[in-house]
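**Student:** If you scroll down you'll find the structure; I have some questions about it.
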Amino acid sequence: MSSLAPDIQTMPTPLERPKHHYLNHNKSIASWLFTLDHKRIGLLYMVTVLAAFAIGGIFAILLRTELWAPGPLFSADKTKAWNLYNHFFTLHGAVMVFMFIIPAVPAILGNFVLPIMLGAKDVAFPRLNLLSFYIYVIGSCFLAYNLLSGVLYVIVGHPVLWGGYGLDTGWTFYTPYSTTASDSGVLLATLGAFILGFSSILTGLNFIATVHMLRPKGMTWFRMPLFIWATYATALIQVLATPVLAITLLLLVAERALRVGIFDPTIGGDPVLYQHFFWFYSHPAVYIMILPAFGVISELITTHSRRHIFGYHFIALSSIAIALLGFLVWGHHMFTSGQSPLANAIFSLITFSIAIPSAVKVFNWVATLWGSSIHLRTPMLYALFFIGLFTIGGLTGLHLGTLSTDIHLHDTYFVVAHFHYVMVGSMLFAFIGAIYHWFPKIFGRMCNDRVGQIGAVITFVGFNMTFLIQFVAGAEGMPRRYATYPDAFQIYHQISTIGAYIISLGMFITLYNWVVGLFWGPIAPANPWGGNTLEWHTASPPPYDNFSVSPEVGDPYEMQIWEPDPNGNGWVKNPEKAAAAAAASHGHGHGGAH
Amino acid sequence: MATTASDTHGHDPSPGHDAHDHAKVGHGDGHGHEAHPAHLAHHFDTPEQQFGTSKLGMWTFLATEVLMFGGLFVAYSVLRHNNPEVFLWAHKALDWKWGAIDTAILLASSYTMAWGVRAAQLNQRGLLMFMLALTFAGGLGFMGIKAIEYEAKWRHHLFPGKLNVLNVEYKGQNFKAPLTAEQIANQKEHTIDYVDSHDKPAGGEHTMPAKQESGNGESSTHGDSSAEVHTPPVAHDAPPVIASVHAELIGTPVIDPHEGTANAAKIKPPVTIPGGVKLDALEPHQGGHAIVTYGMLHTPDQKKINAFFSIYFMMTGLHGFHVLVGMGVMVWLFIRATRGEFHSEYYTPVDLGGLYWHLVDLIWIFLFPLLYLIH
């Protein structure tokens with residue numbers, strides 16, 4: 001089926017929801033708040049992370065609205081309006097980066113899906129997992145409270161009811177503005193980000209231990225699903241890079257509170273040192289954001305095209321390569337900071353080399369799709385959009401990695417457009433596609449595919465309208481983080497703002513679809529899409545300990561053992577094909593009895 | 001949790017269900033705690049798997065700690081590279097003897113900790129508890145010495161950042177203001193060389209020790225002394241010619257050109273070495289070390305003493321915090337040991353606590369020479 005028609009339209013045999021599953025295992029509030037079940041923790045994250053996304057999104061709309069015209073909008077007083085604008089874009093960036101993108105796929109889908117994909121009962125350290133969640137909540141409270149009340153502070157002129165002072169430094173907290181000149185709540189915001197970092201570290205630690213130690217017999221490293229490879233590579237980065245952010249923020253706090261002088265040249269320090277520290281974390285951080293999305297796309301592409309992944313080893317190892325190379329390129333955020341030309345040249349060269357493993361992935365995905373049986377369901381639509389948008393985002397990264405062009409493009413809208421193509425056009429699309437893909441497994445219900453497709457297309461159109469024109473604006477010289485601009489640029493901003501509103505329409509449609517699906521969607525079969533990774537071998541929703549029957553470990557992309565259910569309820573295993581596949585895979589040393 | 005329905009493919013149930021079943025039925029392997037120990041979590045198949053996973057998790061956590069302190073070491077390198085003279089001078093404020101005692105204490109406590117892990121492995125509960133207590137005591141000793149050192153800094157007003165007394169021009173803190181007679185009298189306690197060679201004497205009533213605007217003050221080693229033999233190199237990025245200055249100064253008597261006048265220095269340095277060279281009074285050093293006094297610092301560097309003190313306080317402060325956390329871990333382990341929770345089959349928390357303590361020790365091993373033994 002390659003038509004746009006949704007898959008599941010009529011169900012001749014009504015499905016029954018499994019009697020006992022993790023959602024009704026224990027229904028008290030305490031069983032949710034103190035749960036050690038990775039599935040429930042994933043859901044807890046989902047609620048909070050989506051709330052963070054909403055907050056960040058609202059402020060994106062606000063800042064784009066301010067940019068509709070060059071003059072001030074939210075206040076007659078220009079200074080106040082521009083100050084408000086500084087708080088808006090800082091809030092948008094900080095909330096989206098620290099509270100949404102970094103946790104999103106690992107904490108929600110990694111927590112939920114990864115142990116089940118491994119045939120395990122839980123992650124390695126369930127209590128640590130719960131602790132990670134609460135650290136996330138506490139850090140988010142610090143950060144969000146300060147940022148949101150800061151907006152009030154700017155509007156009213158004084159802090160409101162124990163309010164914070166917001167943040168107007170940009171999410172990057174550059175010195176010396178953040179340490180000396182800014183009168184915003186840098187301390188509180190930094191502490192919030194510091195706390196959030198520990199959530200990321202502990203999640204990564206958990207996943208590393210899980211992938212190393214809790215794989216079942218027969219699942220060697222190269223028989224793991226690619227989502228796990230991607231999540232593992234992400235976990236490596238989380239564990240190694242985030243501590244550097246921790247010490248950077250700690251130094252920033254000390255600098256601001258005690259004027260220790262590490263970043264103050266008049267008393268012996270160096271402000272560019274801050275940038276080195278900050279980007280040493282924040283560049284690997286962007287790979288924390290995108291690698292899980294890569295893993296999701298590998299799963300979506302294969303499942304919805306009924307195809308074994310092309311180039312499994314290359315995709316698996318390219319995740320590791322990106323993780324490692326990502327630590328070596330932080331200086332490409334600092335080409336204009338005054339560092340030596342030699343350093344610039346080295347960082348530029350290594351930046352170019354990261355394009356290689358990224359491109360390897362894109363080519364392998366396209367090769368997977370070639371000649372396959374593409375089902376244009378909602379998750380697949382998002383995956384296909386990802387491939388196109390990531391290509392644009394990645395290629396424009398090369399513009400920025402080239403020294404000569406970066407001189408002109410640094411700190412312009414070109415940069416803004418580039419990172420939104422990779423963070424929104426790629427990562428967000430993969431995230432939404434992933435939620436649609438695993439929605440039946442998580443909630444045991446199906447979303448309306450038609451509505452999902454409409455939402456996907458609207459989001460795609462709105463996204464491109466918003467950000468494609470920003471490449472032009474940036475190349476023409478529009479600087480980023482500016483609240484006003486010459487009249488000649490207004491048309492770019494107006495197109496962008498309209499696009500932003502269209503994106504929000506798409507988001508509302510998606511949210512509506514999820515809510516409707518959650519409460520009134522048709523009951524989902526165990527395997528609605530026909531995938532072969534282990535989560536599809538158990539009921540939807542899964543039982544409390546994930547499997548009522550131990551799953552058999554085989555090739556995760558052996559789609560052929562599944563065929564459409566004659567009753568129209570998803571896909572079921574063909575016993576002969578499954579046995580044949582099992583016999584074939586036993587030759588690889590499945591191991592036998594423990 | 002024992003869901004051992006055989007699966008349709010006739011495979012054995014996944015590993016570990018056997019162990020669970022044994023527990024339910026009350027079988028053991030004969031060792032009592034081995035077959036299904038209370039400590040075996042439901043998602044692990046065997047105690048060995050759980051132990052191995054815990055160790056892997058702990059080593060990963062130690063890697064994050066190394067990365068975090070690594071950032072501070074990088075900051076140290078950058079600051080020292082940019083301000084070598086400041087580091088050469090300022091580290092004299094630290095007493096390397098206390099640092100050496102700290103090092104010995106931590107090394108010894110690592111030894112007792114390792115012994116404690118061994119005791120747990122051998123079911124020697126009493127010995128384990130004793131070793132944990134000794135390790136805790138080592139941490140306590142370390143923190144006690146830290147307290148002594150920090151108190152000395154407090155007394156000398158060598159705080160981090162803007163509160164540091166030597167930040168003469170810093171943000172509202174005005175150490176150029178003339179001292180009252182009472183403050184001078186109290187200053188005998190303080191052996192800080194309040195030097196700012198740009199200060200003009202106020203009203204002539206008194207001067208801050210060795211205050212000068214031009215020419216020599218009481219000490220002939222001031223940075224901007226003009227036309228004197230003892231002027232240290234002026235070029236800021238020239239390597240400080242400390243040794244040769246020192247060689248020049250040995251045997252030179254201390255001269256106060258204002259002796260007998262209204263501008264004569266009211267406070268003389270408490271310590272001199274034979275030959276009369278004024279020593280920086282923070283920490284008397286004798287013998288052949290290169291000596292950099294505050295006055296010898298090129299004037300812009302005199303404002304940059306934070307390059308050392310900020311990184312000193314950040315590094316030792318963060319490390320001290322980790323020692324405190326480690327001491328808390330020791331207490332918790334001790335309490336669990338009294339309850340008999342550790343034995344040869346299960347001593348994971350002791351092992352992991354030991355790993356953490358060793359890391360804290362290792363970090364100090366690097367801190368000590370970098371901060372205390374700068375030459």
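The values are calculated or read from the model by the stated rules, or taken from the named source; none is laboratory data. Just so we're clear, the structure is a prediction, and the values are computed from it rather than from any experiment. As a convention, Cβ positions derive from the backbone with ideal geometry for all residues, glycine included, and neighbour counts pool all protein chains shown. Surface accessibility is based on the protein's heavy atoms, side chains included, excluding ligands, DNA and RNA. Shrake-Rupley method; radii C 1.70, N 1.55, O 1.52, S 1.80 Å.
**Student:** Among the residues of the range A:92-122, what is the count of those that are more than 13 Å from A:Thr231 (Cα to Cα) and either more than 14 Å from every other protein chain (Cβ to nearest Cβ) or part of a loop (DSSP other than H, G, I, E, B) (or both)?
**Tutor:** Qualifying residue count, the range A:92-122: 14.
Quick grid of which residues meet (1) at pLDDT below 75; (2) open to solvent by less than 20 Å² (accessible area, probe 1.4 Å); (3) within 21 Å of the chain's Cα centre (by Cα); (4) not charged (D, E, K, R):
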| position | (1), (2), (3), (4) |
| --- | --- |
| B:Pro13 | yes, no, no, yes |
| B:Asp18 | yes, no, no, no |
| B:Lys24 | yes, no, no, no |
| B:Leu56 | no, no, no, yes |
| B:Trp59 | no, no, no, yes |
| B:Lys92 | yes, no, yes, no |
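**Student:** Another question about this same structure. Counting just the residues of the range A:522-555 that are away from every other protein chain (no Cβ under 14 Å) and of a type in the set (Asp, Glu), which one comes out nearest to A:Tyr436 (Cα to Cα)?
**Tutor:** Here the answer is A:Glu535.
**Student:** Of the residues in the range A:79-92, how many are closer than 23 Å to A:Ile432 by Cβ and open to solvent by 10 Å² or more (accessible area, probe 1.4 Å)?
**Tutor:** The total comes to 1.
**Student:** Being at pLDDT 90 or above and open to solvent by 50 Å² or more (accessible area, probe 1.4 Å) is the filter here; which residues of the range A:529-554 pass it?
**Tutor:** The answer is A:Tyr544, and nothing else.
**Student:** Which members of the range B:107-151 meet the condition of being out of contact with any strand residue (DSSP E or B) (no Cβ under 6 Å at 6 or more places or on another chain), polar (S, T, N, Q) and open to solvent by 40 Å² or more (accessible area, probe 1.4 Å)?
**Tutor:** B:Gln121, B:Gln124
**Student:** Only one of these conditions is not met by A:Val272: (1) under 30 Å from A:Glu535 (Cβ atoms); (2) open to solvent by 10 Å² or more (accessible area, probe 1.4 Å); (3) more than 9 Å from every other protein chain (Cβ to nearest Cβ). Which number is it?
**Tutor:** Result: A:Val272 fails condition (1) only.
**Student:** A further question on this structure: Hey, could you check the range A:123-150 for residues that are aromatic (Phe, Trp, Tyr) and assigned to a helix (DSSP H, G or I) and say which is most open to solvent (accessible area, probe 1.4 Å)?
**Tutor:** Going through the qualifying residues, I end up with A:Tyr145.
**Student:** Only one of these is of a type in the set (S, T, N, Q) and in contact with a Gly (Cβ under 6 Å, 6 or more places away or on another chain): A:Thr79, A:Thr90, A:Thr48. Name it.
**Tutor:** Just a single option satisfies the conditions, and that option is A:Thr90.
**Student:** For the list (1) touching a Pro at 6+ places or on another chain (Cβ under 7 Å); (2) assigned to a loop (DSSP other than H, G, I, E, B), I need the number of the one condition that A:Ala241 fails.
**Tutor:** Against the list (1) touching a Pro at 6+ places or on another chain (Cβ under 7 Å); (2) assigned to a loop (DSSP other than H, G, I, E, B), A:Ala241 comes up short only on (2).
**Student:** Against the definition (away from chain A (no Cβ under 11 Å) and in a helix (DSSP H, G or I)), how does B:Ala147 come out, yes or no?
**Tutor:** Judged against the criteria, B:Ala147 is a match.
**Student:** Next question. Examine the range A:260-268 for a residue that is assigned to a helix (DSSP H, G or I), crowded, with 20+ Cβ neighbours inside 10 Å and not aromatic (Phe, Trp, Tyr), and state whether such a residue exists.
**Tutor:** yes
**Student:** Would you confirm whether any residue within the range A:512-521 is part of a helix (DSSP H, G or I), over 30 Å from A:Thr65 (Cβ atoms) and within 14 Å of chain B (Cβ to nearest Cβ)?
**Tutor:** For the range A:512-521, residues part of a helix (DSSP H, G or I), over 30 Å from A:Thr65 (Cβ atoms) and within 14 Å of chain B (Cβ to nearest Cβ): absent.
**Student:** Sticking with this one: Residues to consider are A:Ala209, A:Ala233; find the one that is surrounded by 23 or more Cβ atoms within 10 Å (Cβ to Cβ), among the hydrophobic types (A, V, I, L, M, F, W, C) and more than 7 Å from chain B (Cβ to nearest Cβ).
**Tutor:** It is A:Ala233.
**Student:** Now for a different question. Here's a check for you: in the range A:20-47, which residue that is aromatic (Phe, Trp, Tyr) and open to solvent by less than 10 Å² (accessible area, probe 1.4 Å) is modelled with the lowest pLDDT?
**Tutor:** A:Tyr22
**Student:** Take the residues in the range B:69-100 that are free of Cβ contacts under 8 Å to residues at least 12 places away in the same chain and either in contact with a Gly (Cβ under 9 Å, 6 or more places away or on another chain) or within 8 Å of chain A (Cβ to nearest Cβ) (or both); name whichever of them is farthest from A:Ser199 (Cα to Cα).
**Tutor:** Here the residue is B:Val78.
**Student:** Within the range B:101-126, can you find the residues that are over 14 Å from B:Ala337 (Cα atoms), in contact (Cβ under 8 Å) with a residue 40 or more places away in the chain and of a type in the set (S, T, N, Q)?
**Tutor:** Correct list: B:Thr103, B:Ser109, B:Ser110.
**Student:** Considering only residues of the range B:37-50 that are more than 9 Å from every other protein chain (Cβ to nearest Cβ) and open to solvent by less than 60 Å² (accessible area, probe 1.4 Å), which is modelled with the lowest pLDDT?
**Tutor:** Residue satisfying both the conditions and the ranking: B:Pro37.
**Student:** Looking for something open to solvent by 20 Å² or more (accessible area, probe 1.4 Å) and closer than 18 Å to A:Tyr22 by Cβ - is there at least one such residue anywhere in the range A:556-574?
**Tutor:** So far as the range A:556-574 goes, no, none of its residues is open to solvent by 20 Å² or more (accessible area, probe 1.4 Å) and closer than 18 Å to A:Tyr22 by Cβ.
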